[in-house]
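Engineer: A single structure is presented below for examination.
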Amino acid sequence: MGMAMRMDPVKCRCLLADNPADVTALQHIAGHLCDAGDGLGAMRLIRRAYRLHGNQDTFMRQAEAMLHVALNQISALLDPGRFDEAATHLEWLAQFIPPSGHLARLLATVWLILGRDGDAIAMLPKAGVTAPADSGIAVALTALDTHRRHYGVIGTVVIPAFKAASTIAESLDSILAALDHHRRASGREDAQVHIVVVDDCSPDDTVDVVRAWGRAHPDQSLTLVANNQNRGAGRARNAGVAAALGPYLWFLDADDMFLERHLHVTAGALDANPQLDYVRTDMLFDRIDSQVSAAWRDASIRTYPCNLCIRREAHARTGGFPEETPFWPATADDVAYSRAITQQLQGVKIGIKTVFYRMSPGNVLDRMQDEMVSGRAPGEGAQVDGRFMAIEILVRRRLQALSAGHDTHERNRTGTATTLINLAGERTAAGDHAGAHALLRQATDIDPHQHTGWFELGMASHRLARRAEARSAFARAVGLRPLLAPARVNLGLILLEDGDAQAALPHLRRAVELAPGSANARFLLARTLRRLGQKDEAEEHLRQAIASAPTQVEYQTEWAGLLLDKGDGLAALSVADGAIGLSSGHYDAHAARAAALEALDRKPEALDAWERAIACHAGFGEAFTRRALLLLERQWGPPPIARTAAASPAQRLALTRLGSNGRFGNQILQYGVARLYAERHGLTLETPPWVGRHLFDLDDPLPGSPLPRLSEEEAGLAAGLSADARPEAAGHDIDGYFCGHTGPLARHAATFRRIFTQGQRWRDSFQAAQARLRETGETVISVHLRRGDFGWGPFWVAPEAWYLEWLEALWPTLSNPVLYIATDNPELIAAFARYKPLHAALLGLPPVQGAGFLEDFHALCAADILAISNSTFSFTASLLNDHARSFVRPDRTLRALVPYAPWASPVLLG
């Protein structure tokens, strides 16, 4: 029927309304549907018409004309994965259209995707496929068949090996002999077994022997797993099972052998008895076989892994070999496993000796031979110690868990985790945050699916300043309970503090949606939006937060910052003053006031405000930097004019947190590492105002348009200094403190020193300090005692007694020594009075306003012998000291000063 002959579809429907059996109308509507791409709808209508007119030739002619449209329609179902629906349509078509060509090929393809390989194979002749290369279907079927032949093994032999270089080849040969016998006896000449050898960190050539054996037998499937730690036979067997193929498992020790009937007898027994989970055989006990008592033979047969063949799925139900500490090194893990399969599974013992148990010097059979032939029962007269009692408890625990079933085990596990979480709460209330943290780690290990454990672990980690762990824990809590607003708030807070406002934003938005009344969530969302430049929305949320909690100082200081962003310094100052009225000792309030005063060019007042901020928290880098810059500019004028920034983001590297992350020593680390990276890759480093611009005559470009932020861990700047490294951090803003190990920086030590020692002002002040020290003695010993903002978290304080003890032993060995004490607490100097120490006030150098630390830093850089504190200030000085003959630092574990190499050590010790 051509288009010119077709009736209007409206007329067709009217005819069908009057007479549903109007064949012509049905056929015309089918044609219209086919033209519109609905081939299946068209097929249904002509099928209906055929039942009315009964003319097979007419029906087949119409069906063949419309079939390609229907098949195209069905093909469109494959991309979205609607394979069952496609199969239903195709099978319906095949009921009245004999499959061939496109229909047969499409039907075979869908059946193959659905795993109906037999149906697909049967359809190939109808699809016209005569050779594998003719069709993707045939190629796929051939690949599946090849995979089945390669991996369709009857099972896997797992061999744990330790110091087995002299015996393992013979053990492997015995498997091949047993496989050859099985092939002949079963008539399956293509039968295969897989072998997994797990070398348990052997000190001999076991691994090399296995590799050589594998190369000599390329047709035998072999996997070699090499542990880098000795983990015991039970753990090694479990690792081997994880790499196993096929339905059956056998175990063989690396000094024992299968007799040729072993594989055939055991596999045959399980093949013939599908109700059995495992089968055991008898063993040949080397030269004492005829003397072994019946009791010992029976006990060995029940517990020895090497005479066992077990279904792999049944092994999985037992939980495998135990790996707890009492079972390692290898002690009773095979006994525990055997008791589990005996209790939980159904098996049978076959009285045929199919395994040779070798007696080697020092192995179990050698050690136990006297007992095995003595006539005494196994275990009779044995001494029981705590370890064996623990083993028995754990075996019974294991058996009980298997007996009770999965649901009971899960309930017990959840209950245990809940108890530990509650205990952690008690520890937290008592101030024992480390103890709480340990309990919460245990709880999340036991039940990793309980969101409460992860949330509380995040809180405990945050209290201990373990930021990375806190971030991970809160992320796990959010993953388990997406509607848990507090977890999202805390995760957003950490991400924001880590400088990743973009990642924090969706969590804080969702937290506000979940808890619209949470002022803290709105405040953090507002801070995040402000960081991202979305100030109007930030203002909206911040107004709501302040309306809910008008006395929250953080909210008021954020409001002051937002006003300052908008250029309203007077309003910002007024809000900051109000925040100070709410809490006179709050750092953020004084920092907000100082920033407003600087914006209003009221620098003397700003200086006073920054000093008040420092009094609130001496360790915050921002106030230290801003105060220093005001003083340095007042004394020396502005720093060198900043160079022009690179035009391309790919040529830029930014450190916008420089001056805020840490104080002077830490800022040197941050700048030094980033500068080395920038020079290595030809990048332009952008930095905000910081003291280094004045002290080291630096003229780096000021930060330009915002760059994506990377943490120091993500950026990997130290690793990026290698000769073959790519500039992966280019085009990013790097955030971190760079207090890791200095080893990767060592070959750049001279360049690092050059960066900080070429400025004219630096050289002049350093040389003056060095000359003053040399006037007073031949050997300069400089000691750094950091107090001030120290004494919390990782910033622990070493007592003066450690330094005095060290000096008492060192001093008599030196020629005309002079001691210099660098400290932020002059009261400590009295403890060293017997050495008549120098200190900053006695050097008599012109003061540098804003860099009052400079005399101490110079004295540390100029020392012949340097004793630092656990501080980046003195550690960085040791990096710049190119001539000292000895460096020592406090070690909390040894409670003493210990030598260290500045360019091969961690910056801080835990």
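The values are calculated or read from the model by the stated rules, or taken from the named source; none is laboratory data. As the structure is a prediction and not an experimental result, all values here were calculated from the model. A quick note on method: Cβ atoms are made from the backbone with ideal geometry, for glycine too, and the neighbour counts reach across all protein chains shown.
Engineer: Those residues that are touching a strand residue (DSSP E or B) at 6+ places or on another chain (Cβ under 9 Å) and among the hydrophobic types (A, V, I, L, M, F, W, C), I need them from the stretch 832-841; list them, please.
Structural biologist: Answer for the stretch 832-841, where residues must be touching a strand residue (DSSP E or B) at 6+ places or on another chain (Cβ under 9 Å) and among the hydrophobic types (A, V, I, L, M, F, W, C): Phe832, Leu838, Ala840.
Engineer: Going through the stretch 540-560 one residue at a time, which ones are buried (at least 21 other Cβ atoms within 10 Å of the Cβ) and of a type in the set (Gly, Ala, Ser)?
Structural biologist: Ala545, Ala560 - these are the residues of the stretch 540-560 that are buried (at least 21 other Cβ atoms within 10 Å of the Cβ) and of a type in the set (Gly, Ala, Ser).
Engineer: Turning to a different aspect of this structure: Which ranges mark the helices (runs of 4 or more DSSP H) fully within the stretch 486-580 that have 3 or more residues being under 30 Å from Thr452 (Cβ atoms)?
Structural biologist: Numbers: elements: 501-514, 519-531, 535-548, 553-565.
In the stretch 486-580, 501-514, 519-531, 535-548 are the helices (runs of 4 or more DSSP H) which contain 3 or more residues that are under 30 Å from Thr452 (Cβ atoms).
Engineer: Moving on. Among Glu808, Glu827, Glu778, which is the only one that is loosely packed, with under 12 Cβ neighbours inside 10 Å, within 19 Å of Phe853 (Cα to Cα) and of a type in the set (Asp, Glu)?
Structural biologist: On the way: Glu808 fails: within 19 Å of Phe853 (Cα to Cα); Glu778 fails: within 19 Å of Phe853 (Cα to Cα).
Selected residue: Glu827, the only one of Glu808, Glu827, Glu778 that is loosely packed, with under 12 Cβ neighbours inside 10 Å, within 19 Å of Phe853 (Cα to Cα) and of a type in the set (Asp, Glu).
Engineer: Quick one: in the stretch 833-881, of everything that is β-branched (Val, Ile, Thr) and under 39 Å from the mean Cα position of the chain (by Cα), which residue is modelled with the lowest pLDDT? Spell out the reasoning first.
Structural biologist: We begin by selecting, within the stretch 833-881, every residue β-branched (Val, Ile, Thr); these are 848, 865, 868, 872, 876.
Going one step further and asking which of them are under 39 Å from the mean Cα position of the chain (by Cα), we end up with 868, 872, 876.
Numbers: Ile868: 96, Thr872: 93, Thr876: 97.
Among them, the one singled out is Thr872.
Engineer: Something else: Can you find a residue in the stretch 183-202 that is of a type in the set (Ser, Thr, Tyr), under 38 Å from the mean Cα position of the chain (by Cα) and closer than 22 Å to Leu308 by Cα?
Structural biologist: No, the stretch 183-202 has no match at all.
Engineer: Looking at the structure I just gave you, is Arg510 at pLDDT 95 or above, among the charged types (D, E, K, R) and surrounded by 21 or more Cβ atoms within 10 Å (Cβ to Cβ)?
Structural biologist: On the way: at pLDDT 95 or above: yes; among the charged types (D, E, K, R): yes; surrounded by 21 or more Cβ atoms within 10 Å (Cβ to Cβ): no.
It is false that Arg510 is at pLDDT 95 or above, among the charged types (D, E, K, R) and surrounded by 21 or more Cβ atoms within 10 Å (Cβ to Cβ).
Engineer: Hey, another quick one. Identify the residue in the stretch 856-903 that is of a type in the set (Phe, Trp, Tyr) and either touching a residue at least 24 places away in the same chain (Cβ under 8 Å) or more than 24 Å from Ile755 (Cα to Cα) (or both) and, among all such residues, is surrounded by the fewest Cβ atoms within 10 Å (Cβ to Cβ). Walk me through it before giving the result.
Structural biologist: So in the stretch 856-903, the residues of a type in the set (Phe, Trp, Tyr) come out as 857, 873, 875, 887, 900, 903.
So of that shortlist, the ones also either touching a residue at least 24 places away in the same chain (Cβ under 8 Å) or more than 24 Å from Ile755 (Cα to Cα) (or both) come out as 857, 873, 875, 903.
Numbers: Phe857: 25, Phe873: 22, Phe875: 29, Trp903: 17.
My answer is Trp903.
Engineer: Further, regarding this structure: Could you check the stretch 239-274 and list, in sequence order, the residues that are of a type outside the set (A, V, I, L, M, F, W, C) and free of Cβ contacts under 8 Å to residues at least 24 places away in the same chain? First the steps, then the outcome.
Structural biologist: Step one: filter the stretch 239-274 for residues of a type outside the set (A, V, I, L, M, F, W, C), giving 240, 246-248, 253, 255-256, 260-262, 264, 266, 268, 271, 273-274.
Once the filter is applied, which keeps residues that are of a type outside the set (A, V, I, L, M, F, W, C) and free of Cβ contacts under 8 Å to residues at least 24 places away in the same chain, the stretch 239-274 yields Asp271, Pro274.
Engineer: I'm told Pro817 meets every condition in (1) buried (at least 16 other Cβ atoms within 10 Å of the Cβ); (2) within 48 Å of the chain's Cα centre (by Cα) except one. Can you identify the failing condition by its number?
Structural biologist: Of the numbered conditions (1) buried (at least 16 other Cβ atoms within 10 Å of the Cβ); (2) within 48 Å of the chain's Cα centre (by Cα), the odd one out for Pro817 is (2).
Engineer: Among the residues of the stretch 463-481 satisfying the criterion of being surrounded by fewer than 20 Cβ atoms within 10 Å (Cβ to Cβ) and under 19 Å from Asp735 (Cβ atoms), which is farthest from the chain's Cα centre (by Cα)? Give the steps one after another, and end with the answer.
Structural biologist: Within the stretch 463-481, the subset surrounded by fewer than 20 Cβ atoms within 10 Å (Cβ to Cβ) is 463-469, 472, 475, 479-481.
From what's left, under 19 Å from Asp735 (Cβ atoms): 465-469, 472, 475.
Details: Ala465: 19, Arg466: 15, Arg467: 15, Ala468: 11, Glu469: 11, Ser472: 9, Ala475: 12 Å.
So, considering only residues that are surrounded by fewer than 20 Cβ atoms within 10 Å (Cβ to Cβ) and under 19 Å from Asp735 (Cβ atoms), the one farthest from the chain's Cα centre (by Cα) is Ala465.
Listed here are the residues, each with its yes/no results for (1) in contact with a helix residue (DSSP H, G or I) (Cβ under 7 Å, 6 or more places away or on another chain); (2) surrounded by fewer than 17 Cβ atoms within 10 Å (Cβ to Cβ); (3) on the phi > 0 side of the Ramachandran plot.
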site	(1), (2), (3)
Glu170	no, yes, no
His181	yes, no, no
Arg184	no, yes, no
Arg188	no, yes, no
Ile195	yes, no, no
Asp219	no, yes, no
Gly234	yes, no, no
Ala239	no, no, no
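Engineer: Considering Arg44, Arg48, Arg82, which residue is surrounded by 14 or more Cβ atoms within 10 Å (Cβ to Cβ), out of contact with any Ser or Thr (no Cβ under 6 Å at 6 or more places or on another chain) and over 30 Å from Ile113 (Cβ atoms)? If you could, list the steps in order and put the result at the bottom.
Structural biologist: On the way: Arg44 fails: over 30 Å from Ile113 (Cβ atoms); Arg82 fails: over 30 Å from Ile113 (Cβ atoms).
Every option except Arg48 fails the conditions.
Engineer: Can you tell me which residues in the stretch 650-692 are under 30 Å from the mean Cα position of the chain (by Cα), within 26 Å of Leu496 (Cβ to Cβ) and not polar (S, T, N, Q)?
Structural biologist: Residues satisfying the conditions are Arg652, Leu653, Ala654, Leu655, Arg657, Leu658, Gly662, Leu669, Tyr671, Val673, Ala674, Tyr677.
Engineer: Ok, one more. Kindly check whether there is at least one residue in the stretch 732-752 that is touching a strand residue (DSSP E or B) at 6+ places or on another chain (Cβ under 7 Å), at pLDDT 95 or above and of a type in the set (Val, Ile, Thr).
Structural biologist: Within the stretch 732-752, none of the residues are touching a strand residue (DSSP E or B) at 6+ places or on another chain (Cβ under 7 Å), at pLDDT 95 or above and of a type in the set (Val, Ile, Thr).
Engineer: Oh, and also: Which one is surrounded by the most Cβ atoms within 10 Å (Cβ to Cβ) among residues in the stretch 329-343 that are in contact with a Lys or Arg (Cβ under 7 Å, 6 or more places away or on another chain) and either hydrophobic (A, V, I, L, M, F, W, C) or modelled with pLDDT under 80 (or both)?
Structural biologist: So the residue we want is Ala336.
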